[in-house]
Amino acid sequence: MTTRSRSDTGGLAAPRAKRRDVLAWLAGAVAVPHAAGAQPRPALPVAGPVIGYLGLESPEPYASRLAAFRDGLADAGLVEGRDVAIDFRWAEGRYERLPGLARDLVERRVAVLAAPGGAPVALAAKAATATIPIVFEMGGDPVALGVVQDLARPRGNLTGVSSLSVEVSRKRLEFLHEAVPAARTFAVAFNPTSPTAPSQLRSLHEAADALGVGLQASAVGSEADFAPIFAGAAAQRPGGLVFTSDPYFALRSRLLADLALRHALPAVTQTRDFPLAGGLMSYGGDFTQTHRLAGLYAGRILKGERPSDLPVQLVTKVELFVNLKAADALGVTVPPGLLSAADTVLE
């Protein structure tokens, strides 16, 4: 696969993505050793503090994100196994397990509770403790979701990092419409358990009205729903399928890319994982940067800073990836304007 990086000329706050970023991501995805499923991983024999890590999924799909989190710790001068131990709890994609896993880490009396992986993880951590410092990472607005009271002065025991992945959901529809301009309807897949789903659906409907197209929205309750949704959408022949921002979708990018090609359905998700796995395009925040910053904040808190004194960081970098090989397989001609707006073009 050939990678071409371009600057974003579409007026979006997105620095140029470099080819080395993609190569570093691919290296990180295979460099992190496996951990044990959803069961607690024994803490390493370190005399220092323990970070409780509340994971939405399992170690394999989180490998590149874990690598970025550890890089952030290293930026703070801390190395896992030498200065700090990390005690993991994995929900394996089952959001309903998060509250119990968070309480388990609180009972473990960890020094910091890391809650990267979106609003459901942050809210579960917040409900579990009002005293242990919490560092979250999410794609939505933490004030609107009730995670913190103020971005500049978060108060309480929480701080963290937020990107624009949720806010730019409508842009995914707009980009897909550019790629398939003759389409009159588009399909949308959303996670009904996500606290950001209602606002994203409203935004997508507003964008559809402005574009003069219709939407067919389908809820995803489990992995078993993906194949019927793709098959049903393909039978109704929409212009393509838009996925709302949600870690549940982001961490199943290979499955979604395979289904999109199998059903000849152009699709767009929030994460670069999707086009790297063979899907058409993605648009969303840079998860590598947000997880690294979350690791840095966890390290700074371990070194004595208070969460209330650390403002919530907003990562404004938004990246557009386009896979031309997938476009060719899907019979889609990507217009030059969309290619020039892409941060990275995969050939």
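Where a number appears in this text, it was derived from the coordinates with a stated rule and is not lab data. Worth saying up front: this structure is predicted, and the values here are computed from it rather than measured. Here the Cβ positions follow ideal geometry from the backbone for every residue, glycine too, while neighbour counts run over all protein chains shown.
Brief remarks on what is shown
- Cβ crowding within 10 Å ranks Thr290, Thr193, Thr131 as Thr131, Thr193, Thr290, fewest other Cβ atoms first.
- Along the chain, longest interval not containing exposed trypsin sites (Lys or Arg not before Pro), exposed being DSSP loop plus at most 16 other Cβ atoms within 10 Å: 185-302
- Only the Cβ atoms of Lys and Arg (+1) and of Asp and Glu (-1) were treated as charged; on that basis the dipole of the chain about its Cα centre amounts to roughly 300 debye.
- Crossing angle, helix 169-179 versus the chain [Cα axis fit, 0-90 degrees, rounded to tens]: 30
- Summing charges over all other residues whose Cβ lies under 11 Å from the Cβ of His291, with Lys and Arg as +1 and Asp and Glu as -1, gives 0.
- Basic side chains Lys and Arg get +1 at the Cβ, acidic Asp and Glu get -1 at the Cβ, and with that the dipole of region 122-246 about its Cα centre reaches some 100 debye.
- Ordering Val332, Leu211, Ala76 by Cα displacement along the dipole of the chain toward the positive end leaves Ala76 in first place; charges were set at the Cβ atoms of Lys, Arg (+1) and Asp, Glu (-1).
- Cα-based shape type of region 66-169, given that a ≥ b ≥ c are square roots of the gyration tensor eigenvalues and the cut on a/c is 1.5: rounded
- Considering helices alone, the calculated mean residue ellipticity of the chain at 222 nm is -11000 deg cm²/dmol, with DSSP H runs of length four and up weighted by -39500 (n - 2.57) and normalised per residue.
- Candidates Gly295, Gln270, Gly284 compared by Cα position along the dipole of region 251-301: farthest toward the positive end lies Gly295, with charges placed on Cβ.
- Computed over region 218-290: relative contact order in percent, which uses C-alpha pairs under 8 Å that are six or more apart: 26
- Projected label points at Ala224 and Thr316, each 7 Å from Cα along the beta carbon direction, are separated by 4.6 nanometres.
- Cα gyration tensor category, rounded, prolate or oblate, for region 141-279 with a/c compared to 1.5: prolate
- Rounded, prolate or oblate (a/c below 1.5 giving rounded, otherwise prolate when a/b exceeds b/c) for region 155-194 by Cα gyration tensor: oblate
- Net charge in the neighbourhood of Gly278 (other residues with Cβ under 10 Å of its Cβ; Lys, Arg +1, Asp, Glu -1) is +1.
- Using alpha-carbon coordinates, inclination of helix 119-128 to the longest axis of the chain, degrees: 20
- Directionally averaged projected area (the chain, Cα convex hull): 15.9 nm².
- Helix axis angle, 63-75 relative to the chain longest principal axis, alpha carbon, degrees: 50
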